[in-house]
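What follows is a short report on a single structure.
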Amino acid sequence: MPIVNVTEQLATQLLQDSEIYDLLKCKCEQCISDVLAMALNRLPARYVTTDTGRVFVNASYYLHPQLQSDIVTELTRSALQVSSYPHHAQQPKVADTP
C-alpha cells in the first residue's frame, strides 16, 4: 500500500458530501483543488501505509468530533476565500432575454 494522507481523503469526501461545496461560486476542477490545497495546508497530515493504520485514523476521526470540526472549518474558510478570489477569469454573465 502506498503512503496515504487520510486527512486529504476525509477532506475530499467532506467537500463533496456537504454544504461547503454549495459555497463555491465556481465548481471547476481548479477551484475545488484550490480549496482542498488551502485547507490541507492548515490541517495536520495523518499519513498511513497500511489498511490497519487507515482504520485507526478513520476511527479516531469519528470518535473525536473536534477533528471533523477542524476539517469542516478549514474547508469552509478556504471555499469562501477561493470563491472571492478564484485563480481564473470570471465567466461573463449571460443577460436574461425575455
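Quick note: the coordinates plus some simple rules give every number you see, no bench work behind them. Model, not experiment: these values are computed from the prediction. All Cβ positions, glycine included, derive from the backbone under ideal geometry; neighbour counts span all protein chains shown.
Counting only alpha carbon atoms, the long axis of helix 29-41 and the longest principal axis of the chain meet at about 40°.
Here r is the Cβ-Cβ distance between residue 19 and residue 42 and R0 is 22 Å; the resulting FRET efficiency, rounded to 0.05, is 0.65.
Each label was represented as a point 7 Å from its Cα along the Cα-to-Cβ direction; for residue 28 and residue 80 these points are 2.4 nm apart.
Taking 0.36 nm per residue of sequence separation and removing the Cα-Cα distance, the residue 73/residue 49 pair yields an extension gain of 6.0 nm.
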